[in-house]
Each structure stands twice: as C-alpha cells, then as structure tokens.
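Colleague: Please read through the structure below; I'll follow up with questions.
The values are calculated or read from the model by the stated rules, or taken from the named source; none is laboratory data. Just so you know, these numbers come straight off a predicted model, no measurement behind them. We place every Cβ from the backbone using ideal geometry, glycine too, and count neighbours over all the protein chains shown.
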Amino acid sequence: MNILLVQPNNKSTIGLSNVSLIEPTGLEAIAGGLLMDEHRVHIIDLRAINCDPDKYLYDAIEEFKPDAIGFSCSFTPDVYRTIELAKRVKNEYGLRYVFVGGHHVSVYPVDFNIKEIDAVIVGEGENTARELISAFLSGTSLSKVNGIIYNENGHQIRTPARGMLKNINDLPFFARHLTKEYRKKYFLGIRTSIACLETARGCPFKCSFCSVWNFYGGSYRSKSPERVVAELKEIKEDYVFVVDDNFFSDVRRVKRIGELLKKERIHKLYTIQARSDTIVKHPELISQWKELGLSNIFIGFESVDDSKLSSINKNNSSSNNEKAYYIAKKYNIAVTASFIVSPDFTKLDFKKLIDFVTRLKISVPAFSVLTPLPGTKLYEELKEKLTIKNYTYYDLFHPVMKTFLPKNDFFKEFSNLYKISYKSLNLRTSDILFVIKYILSGKMSLNHMFKLKKVMKCISTPKTYIDSLSETYVNSLILESKT
C-alpha cells in the first residue's frame, strides 16, 4: 500500500519557525513503523521547499499515487493549514483515506471534526498508525483500533485509549532516509547540518503552560544508553539536537551514554534541553558532555520572579537559573534562555527582564508571550479570558488575552526585548569560528546568515507585529477596549 505522510507548511511571517527548521520526527517515527509492514511510504515536507507548496503536494500525489495520506499537526498555528490541505486532497485530488496525528490533534481533537478527515490518531502513533492502515486495508471496523477518534456522519467516535508504549527501545529508528531531499534545509539558528535525536519521552514535571506531560499521560520513559548510541552511529550530520524535554532527567543514564560515546569515539556538536535545577545539582554532567561536544543548552528560565515561576507550576527558582547559566558559561557552553512575557506585564516588568538578560550577558535569549495553548492546564484555567480565538495568533508572539499595556505599547516593549538583547550580540569566539568554518566548507550559505539577520530585525521592530494583524485581530482589540 502507498502511504504519503505530509508535514504542512506554516504561512505565518512571525514565529519561532523562522529561526529554526528541524526534521519532522513525528512523521519519521510513523514511517518507521509502517515500513515494518512493508508498505511503501513517502514523506514530503512542505516547509522545506522553495516552490508553490500546493502544486508540490499535487505533483507528489500524481507521481506516488497514495492510497492513504497522513498529516502531522503538532502546533496550534498549523491547525487551519492542516484542515485546508485535508479538504483539498479529499475534495479536489480524490484521496480515499485521510488521517491526522500530532501533538495538537491529540490534546484537542475536536478541531478536526470534519468529513474530509477519516480518523485522528491520539497520542503515540507508531503502532496505532499500523493498525489503522491495516483496518483500512481489510475493511475492518475502526472501532477495533484503540487510540483513535474516527469521524462518522458528522460525529467523532472515540475508541478506547491506547496505553503508553512500555518499552520504547522496541521502536524502529526514525526513517530519516525518507527526508533525504530536505535535510540540507534543516537548521537551528546558526546551526546547519543538523539532525534530531530522541532518547526519552515525556516529562515528570507538570508546568501549567506545557502540554507535553498531558500528551504522554504524565509518564517518562527512556531508551537504553546502548540504543541511543546505536542511533547516533547512523546520524551523518555534524550537529545533533536532542529533542527530549529534559535530557538530564535520568542522571545515571546520561552519564552512561556519555561513557559509551567516549568509548566509541563518537563526537558531534549537541544542543540539549535541560532544567536549571538539575544542572546546579549535577554540574559534572556539563563537564562530561562538554568533552563530547555539548555546544548549547536550552533552559526554560521562564521568569526572573519566583512568584511567577510558582504561578505556572515550574517548581524551580530564578536563583537556580542564574547558577546554571554560570556553570554553562564556565565550560564555554552557550545557553538559550527562554522567558515568558505575561500579557499583564507593566513597563517595569519589561525593564526587570531586560536588565536581567543584559546583566548576565545571555548570548541567545528567547522571549515568548504567555499563551494558553489547547491541551494545557493553563488553557483550562484561562479560556474564558481569551480575547483572540484565531489560532493563527497562537504563535507565542501575539497576546491572545487582554494586556495591561495598550497593544501598541506592548508590542513596542516586547520587540524591544529582542532589539536590546541582540544589539550587542554576545557571540562566543567558538560560535564565530563555527560560522566561518561552515561557510567555507559549504555546509552553510551566506544567505542563511542574511536570512537570520533579517528575521532578527523583523522581530525587533514593533511595526512587524502591528502590520501582521488582520481585520479579525483588530476587531477583537476594539471589542476588548470596549470591555
């Protein structure tokens, strides 16, 4: 059976997708499972092409002639585009079977209750997709497939939930070969020649703004050190982004992975995500992984105030954030520190935040607007206060609730965070040498650097946000001001 898996493109001009483009790991994981059943699988990534995406999709369908097509929708701003494409392939291109999976789909499937979508995969999809396709092939009732919601006569019918996979070591490797034609397009900031690596799933913490723990049912499962090293051996790219939400969750396992990598003489450049409290408690991990190629750590600082950290159930402190930053700096490891800007920020709050960033000389700060995303605890708490219901603006750069400051003033202060932070960019010598080396080797183009510079100028300018507002958003602001 021919199965086409599609990563939709996002039409937004603002958002984190403009400073990074990583491989569609969800689709690669699903493809790995389907290949075990000897299906013919093809992946197209509409984000990584330079031509008309609709024509590209049509041509791919004409050439591959799929029997079924699956879309990934992990991020809330992608919902409308995913639905648009699902309707098109069903109504205009004549596809018989359409299914959708991904993060947003799983935690808020009601958005996909349309006749053009035959089924929604809820949660981990490797085994579910295989059974779904098998049922489609054999004509078996979808009620027999656990972990899906299928659409029938305008109603969504949910089958019994599928339990989390007990041993993720048994999963096939990501089918990275199916994204071969796009891999040179993937990047993370200045890092090109990048591949993603998953070593664990889930998170034991329950931050109210995050839906990861909800998606994984509060579970945390990890792959064995041996399995992780085996996957790394197959990765050809120089740079590896470990997509685990907290790579250092299991300290003993991470140390063992490091020992095996050293023994196998595997050296990559790594970006990981980690909590600051773990780094403070186990600074030896930073020392060990620096030798293995650790280059950048993404740490969710979230706020400079402990009271606000407590309000979002972060279970951490600003003091730990600062200590972790200096530990990384000691070993010349860059820190991407993310901060959440609340809609109720005053000018004093903005000043406190930028003063903190400039005092520490954080090389890569990332600022996002507090957004109650569907599927999070925060959404359930604040959904009655939402003034914007259009998912297009759930890109973490637009406030979707009433702001304390007038909107134009809010955008001015928010964009100023980027303008001040990146005006005196605190790039390390190693970062500069990295860029020079990759440009000379042909692994990075000057156009890539110009593009990043353009993006930073864009998000550092208030006019960018104001100009991006559609009539729907503006009308919402008028309504908000009257209330």
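Colleague: Which residues, counting only those in region 100-128, are buried (at least 24 other Cβ atoms within 10 Å of the Cβ) and farther than 12 Å from ILE149 by Cα?
Modeller: If the condition is that a residue be buried (at least 24 other Cβ atoms within 10 Å of the Cβ) and farther than 12 Å from ILE149 by Cα, then GLY102, HIS104, GLU124, GLY125 are the ones that fit.
Colleague: Right, another one. Checking the structure you have, find out if any residue of region 230-239 is crowded, with 17+ Cβ neighbours inside 10 Å, free of Cβ contacts under 8 Å to residues at least 40 places away in the same chain, touching a strand residue (DSSP E or B) at 6+ places or on another chain (Cβ under 9 Å) and more than 18 Å from VAL364 (Cα to Cα).
Modeller: Yes, region 230-239 contains a residue that is crowded, with 17+ Cβ neighbours inside 10 Å, free of Cβ contacts under 8 Å to residues at least 40 places away in the same chain, touching a strand residue (DSSP E or B) at 6+ places or on another chain (Cβ under 9 Å) and more than 18 Å from VAL364 (Cα to Cα).
Colleague: Within region 413-426, identify whether any single residue is in contact with a His (Cβ under 7 Å, 6 or more places away or on another chain), surrounded by 17 or more Cβ atoms within 10 Å (Cβ to Cβ) and either among the aliphatic types (A, V, I, L, M) or not assigned by TED's automatic domain parsing to the domain that holds ILE333 (or both), and answer yes or no.
Modeller: no
Colleague: Something else about it: Which of (1) at pLDDT 70 or above; (2) loosely packed, with under 11 Cβ neighbours inside 10 Å; (3) more than 28 Å from TYR186 (Cα to Cα) does ILE478 not meet, given it meets every other one?
Modeller: (1)
Colleague: A further question follows. Grab the strands (runs of 3 or more DSSP E) fully contained in region 200-290, keeping just those with 1 or more residues being over 30 Å from TYR108 (Cα atoms).
Modeller: 239-242, 269-273
Colleague: For region 157-177, check the following and say yes or no: at least one residue is in contact (Cβ under 8 Å) with a residue 24 or more places away in the chain, buried (at least 17 other Cβ atoms within 10 Å of the Cβ) and assigned to a helix (DSSP H, G or I).
Modeller: So far as region 157-177 goes, yes, one or more of its residues are in contact (Cβ under 8 Å) with a residue 24 or more places away in the chain, buried (at least 17 other Cβ atoms within 10 Å of the Cβ) and assigned to a helix (DSSP H, G or I).
Colleague: Can you pull out the residues in region 131-168 that are small (Gly, Ala, Ser) and either more than 25 Å from the chain's Cα centre (by Cα) or at pLDDT 90 or above (or both)?
Modeller: Residues satisfying the conditions are SER134, ALA135, SER138, GLY139, SER141, SER143, GLY147, GLY154, ALA161.
Colleague: While we're on this one: Among the residues of region 115-140, which ones are in a helix (DSSP H, G or I) and either in contact (Cβ under 8 Å) with a residue 24 or more places away in the chain or of a type in the set (D, E, K, R) (or both)?
Modeller: Residues satisfying the conditions are GLU126, ASN127, THR128, ALA129, ARG130, GLU131, LEU132, ILE133, SER134, PHE136, LEU137.
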